[in-house]
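Student: Once you've had a glance at the structure underneath, I'll fire off some questions.
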Amino acid sequence: MRGIVDRLRDCHELLPWQYKALLTMRDPHDIEYLMGQAREVTQEHFGTGIYLRGLIELSNVCRNDCLYCGIRRSNSQVSRYTLNREQILSCCKIGYKIGFRTFVIQGGEWGEERSQWIADIIRDIRQGWPDCAITLSLGEHPKETYALWHEAGADRYLLRHETHNQRLYSLWHPRQMTVTHRLQCLEWLKESGYQVGAGIMVGAPFQSLNNMVEDIQYLVSFKPHMIGIGPFIPQHDTPFRRFPSGSVDMTTRLYAILRLALPQALIPSTTALATVAPDGRLRGILAGANVVMPNLSPKDTRGLYSLYDNKAAMGAESAQGISRLADELSTIGYQINWSRGDSPAI
Ligand code: SAH
């Protein structure tokens, strides 16, 4: 097993059976060897600093109907909200004061008629906080829209491909959505000049080990700047409500494998991971993650952005919350890195 880990660290790529071996190995010493190597590689490139991204949940209005997602269009139990311009800028103001230098605007997917409004907001943020990075996570759009937002000042874009497997993708999404189009969007984003993030949900219904191997292979070939991976977690008003959550073990193994494959990637220890286990966030970092994304959304809408049940919160919108996070990180020898944290690969 260690030979395979060493090979991945040295060559950044493996054969499918070797990835599978890493995903299924059981000896705790072998697993710890993988994690240790991933930590070493992370520290070679990033030291023990963890970048912060302030997440602003723009809206839970969505035109899509993804079967796993709590804010899917046909979930009539959701009370829908959209932040207004003042609320968004106020999140940035509060975040900046705490020390955040990246804002992530995430939300459900809207039609193109609202793209201009979003471009205006991006311009406002760019003007108000010129030293901050602006990351978008707003789903699939035409290339022109991505270009418009990039010109307005957005630097980065997160669009998880969710799964590379066509059949599985079609089991998770309504018929109009295809993995081909999602991958096309990721190409457009790269061509438009964004730092791009792709990624998957782990342990979601019907997903096999082979599917995860395909995802690793896709990520290795696409080489995203950022990799967003979290366990699937059921949401009680979705068709997938009866399926179990993905595991910390599988999610952290993927972090470690992808760290060795793409040493310079920015990998968040995700909120979903912190939701499935109290020590999830730290275990993600100990597997090679180097980013945390605290929530900066206004308190009164936060509960409404419920992609899945029991979403973890860390109260990071307050300076107090951040100092708690810093304390938590220090217990494993890490600390917050307050810089913008652009991808070293650009
Ligand atoms: N509308 C945007 C943002 C989606 S929400 C987009 O399409 O990209 C961000 C991510 O949350 C999704 O990419 C998905 O991977 C994750 N997510 C959604 N529902 C989830 C669930 N039930 N469990 C875990 N992660 C989920």
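Student: Which of rounded, prolate or oblate describes region 207-346 when judged by the alpha-carbon gyration tensor and an a/c cut-off of 1.5?
Tutor: Values: a/c = 1.72, a/b = 1.06, b/c = 1.62.
Oblate, because a/c is 1.5 or more while a/b does not exceed b/c.
Student: Right, here's the next one. Antiparallel versus total DSSP beta bridges in the chain: what percent is that, nearest 5?
Tutor: Working: 1 of 31 bridges.
Around 5 percent antiparallel, to the nearest 5.
Student: What 222 nm value per residue comes from the helices of the chain, counting each DSSP H run with n ≥ 4 as -39,500 (n - 2.57) and dividing by all residues, nearest 500 deg cm²/dmol? Mind dumping the intermediate values first?
Tutor: Details: 14 runs with 152 residues, N = 346.
After summing the helix terms and dividing by residue count, I get -13000 deg cm²/dmol.
Student: Calculate one ³J(HN,Hα) per residue across region 255-270 by plugging θ = phi - 60° into the Karplus curve 6.51 cos²θ - 1.76 cosθ + 1.60, and present them in order as whole Hz with x for glycine and proline.
Tutor: Calculated HN-Hα couplings, in order: 4, 5, 4, 6, 4, 6, 6, 10, x, 8, 5, 8, 10, x, 7, 7 Hz.
Student: What is the chain's relative contact order, in percent, from Cα pairs under 8 angstrom and six or more apart in sequence?
Tutor: 24
Student: I would also like to ask the following. Would you mind getting me the FRET efficiency between H45 and S330? Use the beta-carbon distance for r and R0 = 22 Å, nearest 0.05.
Tutor: Numbers: r = 21 Å, r/R0 = 0.94.
About 0.60, to the nearest 0.05.
Student: For the chain, how many pairs of lysine residues have a Cα-Cα distance under 19 Å, where the two are 8 or more positions apart or belong to different chains? The partial results should precede the final answer.
Tutor: Working: K93/K299; K97/K299; K143/K190; K190/K223; K299/K311.
Step by step, the pairs that qualify in the chain add up to 5.
Student: Counting only protein heavy atoms, what percent of the accessible surface of region 187-244 is carbon or sulfur at a 1.4 Å probe? Walk me through the intermediate numbers first.
Tutor: Values: 1100 of 2050 Å².
For region 187-244, the apolar C and S fraction of the accessible surface comes to 54 percent.
Student: Here is a follow-up. For region 158-269, what is the relative contact order in percent, using Cα pairs closer than 8 Å and at least 6 residues apart in sequence? Show your work: numbers first, answer last.
Tutor: Details: 151 pairs, mean separation 30.5, N = 112.
Relative contact order here is 27 percent.
Student: What are the ³J(HN,Hα) couplings of region 237-244, residue after residue, when phi is run through the Karplus curve with 6.51, -1.76, 1.60 and θ = phi - 60°? Round to Hz, x for glycine and proline.
Tutor: My calculation for region 237-244 gives 10, 10, x, 9, 4, 8, 8, x Hz in order.
Student: Report the Cys residues of the chain lacking a disulfide-compatible partner, meaning no second Cys Cβ under 4.7 Å from their Cβ.
Tutor: Cysteines of the chain left without a disulfide-compatible partner: C11, C62, C91, C92, C132, C185.
Student: Where only protein heavy atoms count, and the probe is 1.4 Å, what is the accessible area per residue for the chain in Å²?
Tutor: Values: 13950 Å² over 346 residues.
Here the per-residue accessible area is 40 Å².
Student: Let me ask something else about it. Could you give the length gained by full extension between N310 and K20, i.e. 0.36 nm per residue of separation minus their alpha carbon distance, to one decimal place? Spell out each step's value before the answer.
Tutor: Numbers: separation 290, 0.36 × 290 = 104.40 nm, distance 3.09 nm.
Contour length minus Cα-Cα distance gives 101.3 nm.
Student: Find how much the distance from I94 to H29 grows on full extension, using 0.36 nm per residue of separation minus their present alpha carbon separation; answer in nm with one decimal.
Tutor: Details: separation 65, 0.36 × 65 = 23.40 nm, distance 4.41 nm.
Working it through step by step, the gained length comes to 19.0 nm.
Student: A follow-up question, please. May I ask for the distance between the Cα centers of region 229-305 and region 56-131, given as a whole number of Å?
Tutor: Rounded to whole Å, the Cα centres lie 20 Å apart.
Student: On to the next question. Within the set of other residues whose C-beta is less than 14 Å from the C-beta of I105, count the net charge using Lys and Arg as +1 and Asp and Glu as -1.
Tutor: On the way: positive: R53, R85, R114, R123, R126, R156; negative: E57, E109, D120, D124, D155.
So the surrounding residues net to +1.
The values are calculated or read from the model by the stated rules, or taken from the named source; none is laboratory data. Everything numeric in this text was worked out from a predicted model, so none of it was measured. Using ideal geometry, Cβ is built from the backbone for each residue, glycine included, and neighbour counts are taken over all protein chains shown. Side chains included, ligands, DNA and RNA excluded: accessible areas come from the protein's heavy atoms. Shrake-Rupley method; radii C 1.70, N 1.55, O 1.52, S 1.80 Å.
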